Amino acid sequence: MLLEAVYEQDFLDCSYGFRPGRSAHQALEALWQQAMNMGGGWVLEIDIRKFFDRLDHGHLREILRQRVGDGVVLRLIGKWLKAGVLEDGCLQHPETGSPQGGVISPLLANIYLHEVLDTWFEQTVKPRLKGRAALIRYADDAVMLFTCEDDARRVLEVLPLRFGKYGLTLHPEKTRLVEFRPPRGGPGVGRGSSWRRGTFDLLGFTHFWCRSRKGFWVIGRQTARDRFTRALRALAEWCRRHRHWPLRQQWQMLVWKLRGHYAYYGLTGDAPALARFRYEVIRVWRKWLQRRSRKGRLPWTRWALLERVYPLPVGHIARPYLAKP
């Protein structure tokens, strides 16, 4: 609480992760607004390899001393960093990193990346660029938007050096430059409802260009494939472990889980993915209900009767566009 009051006045508007009054949906809306205002361009996806495990304690202490002069607070933070991590019953004391799940780890990550990335980009990089640029960061997930390809490539070249100065490395495959522009002219270009060549992922959503109802090119967002698969696997594992529960209790828990999924992924344009997720959940639930007994069989005709008593909620758009194109 003390550090939050000190640093909240220093954090920039491009940072959205683990800050009071800010959320992942606001970061997504800011990204959508910036990209639409720029009319597309070049997107630089930034993926820091094992950020929380490789956070350098020496550099972190230097950054903290610039704003915090109380030795008691600094020593307390040092104890937090040296507390160790309990994994599989074994206590480890790593020399670098901040324990994921620790109370202070998210704030320390924001403080570290505020110095390493945010202020560097705003004060050093942007004044040297030819075109417009923007940064959107949520904790250690970040993307940069550029209107000029040369600017994007120059930043991509110096970015590993900047992070290496603070003991961090970028993932060579996941850190990439994407051409993210709507199709323009030419025969065969722009036909259909979506343009999937240049896409990128952020905060569980795949961003791509698609046609609006009025025929204009807008940025669409859909549940990322890896997030969709991971959520479905977790729910299938839950159904397997709790198939012995009473049917009503299982249904109530699945309703809560689906509503939570819809609350996050229910953005405009993601309705097909929500409908598919509900369909897959129904298949998984029916599969494990049939395995409650060796003789158990649940044909679809009987399942239709059961679904009338225990209906699962239909996916809906919980968060329509907040930003206007």
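The values are calculated or read from the model by the stated rules, or taken from the named source; none is laboratory data. None of the values given here were measured: they were computed from a predicted structure. Don't worry about glycine lacking a Cβ; one is built from the backbone with ideal geometry, like all the others, and counts go over all protein chains shown. Keep in mind that these areas ignore ligands, DNA and RNA; they rest on the heavy atoms of the full protein, side chains included. Shrake-Rupley method; radii C 1.70, N 1.55, O 1.52, S 1.80 Å.
I'm checking my understanding of the structure. Among residues of the stretch 91-127 that are outside any helix (DSSP H, G or I) and open to solvent by 70 Å² or more (accessible area, probe 1.4 Å), which one is modelled with the highest pLDDT?
That would be VAL103.
Six or more apart or on different chains, Cβ atoms under 7 Å: show the pairs whose first residue is in the stretch 146-159 and assigned to a helix (DSSP H, G or I) and whose second is surrounded by fewer than 14 Cβ atoms within 10 Å (Cβ to Cβ).
Pairs that qualify, where the first residue is assigned to a helix (DSSP H, G or I) and the partner is surrounded by fewer than 14 Cβ atoms within 10 Å (Cβ to Cβ), are ASP150/LYS130; ASP151/LYS130.
For residues that are open to solvent by 60 Å² or more (accessible area, probe 1.4 Å), touching a residue at least 12 places away in the same chain (Cβ under 8 Å) and under 17 Å from the mean Cα position of the chain (by Cα), tally how many sit in the stretch 1-25.
1
Do you know which of the residues in the stretch 66-87 that are more than 30 Å from LYS174 (Cα to Cα) and in contact with a helix residue (DSSP H, G or I) (Cβ under 7 Å, 6 or more places away or on another chain) is surrounded by the fewest Cβ atoms within 10 Å (Cβ to Cβ)?
Among residues in the stretch 66-87 that are more than 30 Å from LYS174 (Cα to Cα) and in contact with a helix residue (DSSP H, G or I) (Cβ under 7 Å, 6 or more places away or on another chain), the one surrounded by the fewest Cβ atoms within 10 Å (Cβ to Cβ) is ARG67.
Residues being in contact with a Leu (Cβ under 9 Å, 6 or more places away or on another chain) and either farther than 23 Å from ARG230 by Cα or hydroxyl-bearing (Ser, Thr, Tyr) (or both): count how many of those fall in the stretch 265-289.
1
Residues that are at pLDDT below 90 and open to solvent by less than 60 Å² (accessible area, probe 1.4 Å): does the stretch 309-317 have at least one?
The answer is yes; a qualifying residue exists.
Only residues in the stretch 252-272 that are closer than 16 Å to SER23 by Cβ count as the first member; pair them with residues that are open to solvent by 50 Å² or more (accessible area, probe 1.4 Å) and assigned to a strand (DSSP E or B), Cβ under 6 angstrom, at least 6 apart or cross-chain, and list the lot.
That search, which allows pairs on different chains as well, returns GLY266/ARG319; LEU267/ARG319.
For the condition closer than 22 Å to ALA27 by Cα, open to solvent by 40 Å² or more (accessible area, probe 1.4 Å) and not hydroxyl-bearing (Ser, Thr, Tyr), what is the one hit in ALA304, ALA231, ALA271?
Step by step, each of ALA304, ALA231, ALA271 is checked, and only ALA271 is closer than 22 Å to ALA27 by Cα, open to solvent by 40 Å² or more (accessible area, probe 1.4 Å) and not hydroxyl-bearing (Ser, Thr, Tyr).
Hey, any hits in the stretch 167-185 for a residue that's under 30 Å from THR96 (Cα atoms), modelled with pLDDT under 95 and over 22 Å from the mean Cα position of the chain (by Cα)?
yes
Is there a residue being over 21 Å from the mean Cα position of the chain (by Cα), part of a loop (DSSP other than H, G, I, E, B) and not aromatic (Phe, Trp, Tyr) anywhere in the stretch 272-292?
Checked against the condition, which is being over 21 Å from the mean Cα position of the chain (by Cα), part of a loop (DSSP other than H, G, I, E, B) and not aromatic (Phe, Trp, Tyr), the stretch 272-292 yields at least one hit.
Between residues in the stretch 35-58 that are over 11 Å from VAL143 (Cβ atoms) and open to solvent by 40 Å² or more (accessible area, probe 1.4 Å) and residues that are outside any strand (DSSP E or B) and aliphatic (A, V, I, L, M), which pairs lie under 7 Å by C-beta distance while being six or more apart or on different chains?
Note: pairs meeting the criteria are ARG54/LEU168.
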